[in-house]
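The values are calculated or read from the model by the stated rules, or taken from the named source; none is laboratory data. In this text, all values refer to a predicted model and were calculated from it rather than measured experimentally. For neighbour counting, all protein chains shown are included, and Cβ atoms are generated from backbone atoms with ideal geometry for every residue, glycine included. Each accessible area value is taken on the protein alone, full model and side chains, heavy atoms only, with ligands, DNA and RNA left out. Shrake-Rupley method; radii C 1.70, N 1.55, O 1.52, S 1.80 Å.
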Amino acid sequence: MTTTLCRRTDAHALARLHSEHGKALYGFLLGLTFGDRHRAEDLLQETLFRAWKHPEVLESDHASMRPWLYTVGRRLAIDARRARQVRPAEVGPDALDTHAPVADDGTEQAVTVLDVRDALRLLSPEHRAVLVQIYFRGASVCEAAEALGVPAGTVKSRTYYALRALREAMPGYGPGLAIGPGAGPDRRVAA
């Protein structure tokens, strides 16, 4: 005597089931998957696989197998949706490149600091002193004038010519050269 667990639906009955209900079941599953054809096909195959594993369903006295198939397909769709919601979203390798945070290791900033130091050594002591006051110590024009013992107009003039000399000494940095500690995109030297 063969038990239900060992029996399988024969191939002819399964083919007849697919030809009678496959198209309608696929349309139903397509609606449940919001038009995702691949998922609907997977669910259709899994639903028919369940019918193959349970031959007693085909042997029952139901007028139509369609309600059973729709119920199994709907439950499979619900289970698949819940499983996708629990898992993190799948991404391709291109998405990883565009969303990957760029690690700022400070190497570029360290090189810039060294280049600025070298360029500052080329300036006259007066020009270097003005830049140190304004950009490195954060002094205003009036505070720098008081510290250096010169008029505010002289501080402005020396700052202009000192920055121009720095740009000439550092041609690869362009007009937006940032100097001084904490100098970043928001603390650029005006061209």
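Looking at segment 33-54, I want the residues that are closer than 14 Å to Arg81 by Cα and have a partner that is open to solvent by 80 Å² or more (accessible area, probe 1.4 Å) and in a helix (DSSP H, G or I) with Cβ atoms under 6 Å, at least 6 apart or on another chain. Which pairs are those? That search, which allows pairs on different chains as well, returns Thr33/Arg39. Of all residues in segment 9-44, those satisfying the criterion of being of a type in the set (S, T, N, Q) and over 15 Å from Arg66 (Cα atoms) are Thr9, Thr33. Residue check: is Pro93 surrounded by 13 or more Cβ atoms within 10 Å (Cβ to Cβ), under 28 Å from Glu41 (Cα atoms) and modelled with pLDDT under 85? No; evaluated as a whole, the condition is false for this residue. Is it true that some residue in segment 37-48 is more than 29 Å from the chain's Cα centre (by Cα) and at pLDDT below 90? Scanning segment 37-48, I find at least one residue that is more than 29 Å from the chain's Cα centre (by Cα) and at pLDDT below 90, so the answer is yes. For segment 135-144, the criterion of being under 24 Å from Pro171 (Cβ atoms) and at pLDDT 90 or above is met by no residue.
The listed residues are Ala24, Ala40, Ala51, and the only one of them that is in a helix (DSSP H, G or I), buried (at least 17 other Cβ atoms within 10 Å of the Cβ), of a type in the set (Gly, Ala, Ser) and out of contact with any Phe, Trp or Tyr (no Cβ under 7 Å at 6 or more places or on another chain) turns out to be Ala51.
Within segment 66-85, residues that are under 14 Å from His18 (Cα atoms) have Cβ atoms under 7 Å from residues that are at pLDDT below 90 and open to solvent by 50 Å² or more (accessible area, probe 1.4 Å) in these pairs: Trp68/His62, counting only partners at least 6 apart in sequence or on another chain.
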